[in-house]
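*Asks:* Following this message is one structure expressed as structure tokens.
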Amino acid sequence: MPHPRKKVIAANWKMNLTSSEVKPYLETLLLETQQVEGIDIVLIPSFTSIPKASELLEKTPKVRLGAQNFSAHDKGAFTGEVSARMLRDLFVRYILVGHSERRQLFGETDQIVHEKLLVAHRNEFRPILCVGETLEERKAGKAKQVLENQLKVALADLSVEDLADTIIAYEPVWAIGTGCTATTEQASEMHHFIREMIKDLSSKGPLSKLAAGDERQGIDGAQQLSVQEVLNGASTGVTQPIASAVEFGKRSKEVAAKIRLIYGGSVTPANACELLKSPDIDGALVGGASLDPRAFAEIVKAAATA
Ligand code: PEP
């Protein structure tokens, strides 16, 4: 059976590779993946390499460009920061939000992650929202609780449509850069949990009315409420006609079926195929192994054949 969603394979270079290394990297990646189709390949270099990558990828829709970070502010006196609009100007389309290194090393709280997610959507990026538990949290049996808390804060106030357009990366902190990847069973279990949670978030009603010609049209033509409104059980304020439970159910199934959940944490060419075969895993966020274009291409190819 074909995989239900288009897979995403993203290369997070972190603070590695310089601008002059972009061209040889892309030449190899494009050569190695020339037979590959149907995968969203995303390159996420450091800020200084974005202009070069942008120039080289302008006519190559096969590889999309992402950024590792951006400011929660739109503009102004924020020395050293880079705004979402500046990145859009360079044809950046994907953006990481809430990577564990930003959370742990740079003090990004759930609230900041939430604000950035809203900014990302307002600027029409496709955000890759990273969530995941530490080893201590997993050992204490709190992994799902941690994910639930991170997701509830991050996704509040999102329209249901933006929710469906957010890519969620499950990245257990204990697996990032450690060589200790989650097993397919562990990753699939957590992805399944997240998808069920998304279903729940987008199904709590009363959510929508069927509103022909309404400006705030949602996925199936229904008026949108934010996820926060949904969580609070708010109504549309419109007295009739309110959508039935059947319609809520249909919509929540649509959102949960559409949203892409990818795995990150020591993905390599050796383990990618096994992980990406899981129907619950829609792709990978790759750090260390993405620095070698051949290794990254192997992971892309594994996604295409898994
Ligand atoms: C990451 O930085 O998101 C990541 C998953 O890194 P690594 O593949 O090196 O574990």
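*Asks:* Tell me whether the stretch 244-262 contains one or more residues that are within 12 Å of the ligand (Cβ to nearest atom) and either modelled with pLDDT of 55 or more or more than 21 Å from LEU155 (Cα to Cα) (or both).
*Replies:* Among the residues of the stretch 244-262, at least one is within 12 Å of the ligand (Cβ to nearest atom) and either modelled with pLDDT of 55 or more or more than 21 Å from LEU155 (Cα to Cα) (or both), which makes the answer yes.
*Asks:* While we're looking at this one, here's another question. Looking only at residues in the stretch 264-283 that are buried (at least 24 other Cβ atoms within 10 Å of the Cβ) and within 17 Å of GLU101 (Cβ to Cβ), which one is nearest to the ligand (Cβ to nearest atom)?
*Replies:* GLY264
*Asks:* While we're on this one: Tell me, which residue of the stretch 157-208 that is of a type in the set (Ser, Thr, Tyr), surrounded by fewer than 22 Cβ atoms within 10 Å (Cβ to Cβ) and more than 21 Å from ARG122 (Cα to Cα) is nearest to the ligand (Cβ to nearest atom)?
*Replies:* If we take residues in the stretch 157-208 being of a type in the set (Ser, Thr, Tyr), surrounded by fewer than 22 Cβ atoms within 10 Å (Cβ to Cβ) and more than 21 Å from ARG122 (Cα to Cα), then THR178 is nearest to the ligand (Cβ to nearest atom).
*Asks:* Taking the stretch 148-196 as the search range and keeping residues that are in a helix (DSSP H, G or I) and aromatic (Phe, Trp, Tyr), which one is nearest to the chain's Cα centre (by Cα)?
*Replies:* Here the residue is PHE193.
*Asks:* Given the criterion modelled with pLDDT of 55 or more, under 19 Å from ALA303 (Cβ atoms) and among the β-branched types (Val, Ile, Thr), identify the matching residue among THR268, THR178.
*Replies:* Criteria check complete, one pass: THR268.
*Asks:* What number of residues within the stretch 66-81 are within 20 Å of the chain's Cα centre (by Cα) and not small (Gly, Ala, Ser)? Outline the logic, then answer.
*Replies:* From the stretch 66-81, those within 20 Å of the chain's Cα centre (by Cα) are 66-72; that's our starting set.
Then drop every residue that is not not small (Gly, Ala, Ser), which leaves 68-70.
Number satisfying all stated conditions: 3.
*Asks:* Would a scan of the stretch 7-25 turn up a residue that is in contact with a Lys or Arg (Cβ under 6 Å, 6 or more places away or on another chain), without any contact (Cβ under 8 Å) to a residue 40 or more places away in the chain and not in a helix (DSSP H, G or I)?
*Replies:* No: zero hits.
*Asks:* If you scan the stretch 284-306, which residues turn out to be more than 11 Å from the ligand (Cβ to nearest atom) and not in a helix (DSSP H, G or I)?
*Replies:* ASP292, ALA306
The values are calculated or read from the model by the stated rules, or taken from the named source; none is laboratory data. For clarity, every value in this text was computed on a predicted model and none was experimentally measured. All Cβ positions, glycine included, derive from the backbone under ideal geometry; neighbour counts span all protein chains shown.
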